[in-house]
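Visitor: There's a structure below that I have some questions on.
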Amino acid sequence: PEGMPYALLAEHQTTGGYPRVLEVCSTMAPALAQAGPGTRLRFVPTDLASSQQRLQDQALQSNAISAGIAAKLGL
């Protein structure tokens, strides 16, 4: 009613009739989840190709980190 937006993450309740004005790319959800109350956010439109590229880049980075940890542990 007061016009303030709410971010509903993975385990949210139903929207209960509130308008859904945007959806956040899954690769950006962790950053959104770490933002504290009152944090100023800026949302930028993107397209499917950019989102898919970000997802691939994130997977490559995660795999590199996993490989580095495995190497350090001698696995």
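Visitor: On the accessible surface of the chain, probed at 1.4 Å, how many percent belong to carbon and sulfur atoms?
Guide: Percent of accessible area from carbon and sulfur atoms in the chain: 59.
Visitor: Please work out the Cα center distance from region 1-28 to region 48-70, rounded to the nearest Å.
Guide: Comparing the Cα centres of region 1-28 and region 48-70, I get a distance of 26 Å.
Visitor: In Å², and per residue, what accessible area does the chain have when probed at 1.4 Å with the other protein chains present?
Guide: Value returned for the chain: 93 Å² of accessible area per residue.
Visitor: What's the angle, to the nearest 10 degrees (0 to 90), between helix 48-73's Cα axis and the longest principal axis of the chain?
Guide: Helix 48-73 and the main axis of the chain meet at about 40 degrees.
Visitor: Which of (i) 7.5; (ii) 4.4; (iii) 4.9 is the computed mean projected area of the Cα convex hull in nm² for the structure on display?
Guide: Among (i) 7.5; (ii) 4.4; (iii) 4.9, the one derived from this structure is (i).
Visitor: Here's another thing I want to ask about it. In a Gaussian network model over the chain where Cα atoms closer than 10 Å are linked, find which of THR14, THR27, THR46 has the largest mean-square fluctuation.
Guide: THR14
Visitor: What size of dipole, in debye to the nearest 20, comes out for the chain about its Cα centre when the only charges are +1 on Lys and Arg C-beta atoms and -1 on Asp and Glu C-beta atoms?
Guide: Magnitude of the dipole: close to 200 debye.
The values are calculated or read from the model by the stated rules, or taken from the named source; none is laboratory data. Predicted model, so just to flag it, every value in this text is computed and none were measured. Neighbour counts run over all protein chains shown; Cβ positions are idealised from the backbone, glycine included. Keep in mind that these areas ignore ligands, DNA and RNA; they rest on the heavy atoms of the full protein, side chains included. Shrake-Rupley method; radii C 1.70, N 1.55, O 1.52, S 1.80 Å.
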